[in-house]
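The values are calculated or read from the model by the stated rules, or taken from the named source; none is laboratory data. Source: prediction; values computed, not measured. Remember, those area values only see protein heavy atoms, side chains included, never the ligands or the DNA or RNA. Shrake-Rupley method; radii C 1.70, N 1.55, O 1.52, S 1.80 Å.
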Amino acid sequence: ICLSGLAFSEKMKSLFIRDGLTGLSNRNYIRQRLEEEFYRSRRYSHPLSLMMIDLDNFKSLNNRFGHSVGDHLLRYFSQVIADTIRPSDIAARYNGEEFLIILPETHKEEARAVAERLRTRIALCPFRVDSRKEEVLFTISIGVTTYPEYGQSAEELVALADSALHQAKKDCKDKVAVYMNN
């Protein structure tokens, strides 16, 4: 009885911190973890990087192939993220087709390398639409920012990563943008 209660408790905890579709952390959980990681980084003078990722043209893919294929694409991309980042990194589905990744103890250059590795994996591995046996190439845009160079709060880091993401979406040559003061 104790073991089944423990298993139930773990399942309930998972429901509160995980996105039901992707299995990644959810928005509420990653916001909480970002506050904790930001505090730790500031206290111990360690770097902290953040990546905001968006699936380019997701809505048109969703409209073209249907919502079940869109859901499958989100699960596929979530698995690519999980396979690419370190166990100490924290990834979440942040909003629709946007994802947020916390990279503790990671400098700006290292974070950009992780972003490029993720972008390259997506570029080299087309997504297969099961029902049509059709491969779909899709791209992602990534915004990167790092504390302590930029941002003096967790909220500000999210805003700066989002700003860098918008810059990456505008620049069709390079889908990774690192936030820089203008």
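Solvent-accessible area of Arg18, probe 1.4 Å, all protein chains present, reported in Å² to the nearest ten, please.
About 100 Å², ignoring ligands and nucleic acids.
Give the carbon-plus-sulfur fraction of the accessible surface of region 47-110 in %, rounded to a whole number; probe 1.4 Å, heavy atoms of protein chains only.
Working: 1280 of 2670 Å².
Exposed carbon and sulfur together represent 48 percent of the surface.
Which ³J(HN,Hα) values in Hz, rounded to whole numbers, follow from the phi angles of region 83-98 under the Karplus curve 6.51 cos²θ - 1.76 cosθ + 1.60, where θ = phi - 60° and Gly and Pro get x?
6, 9, 8, 6, x, 7, 7, 10, 10, 8, 7, 8, 6, x, 9, 9
What is the gain in length, in nm to one decimal, between Lys169 and Arg121 on full extension, counting 0.36 nm per residue of separation less the C-alpha to C-alpha distance?
Separation in residues times 0.36 nm, less the Cα-Cα distance, equals 15.5 nm.
Quick one: accessible area per residue over region 26-69, 1.4 Å probe, rounded to a whole number of Å²?
I get 56 Å² per residue for this part.
Using only Cα positions of region 58-161, each an equal point scatterer, no hydration layer, compute I(q)/I(0) via Debye at q = 0.16, 0.21, 0.22 Å⁻¹ and quote the log10 values to two decimals.
-0.75, -1.14, -1.22
Classify region 90-137 as rounded, prolate or oblate, taking a ≥ b ≥ c as the square roots of the eigenvalues of its Cα gyration tensor: rounded when a/c is under 1.5, otherwise prolate if a/b is larger than b/c and oblate if not.
oblate
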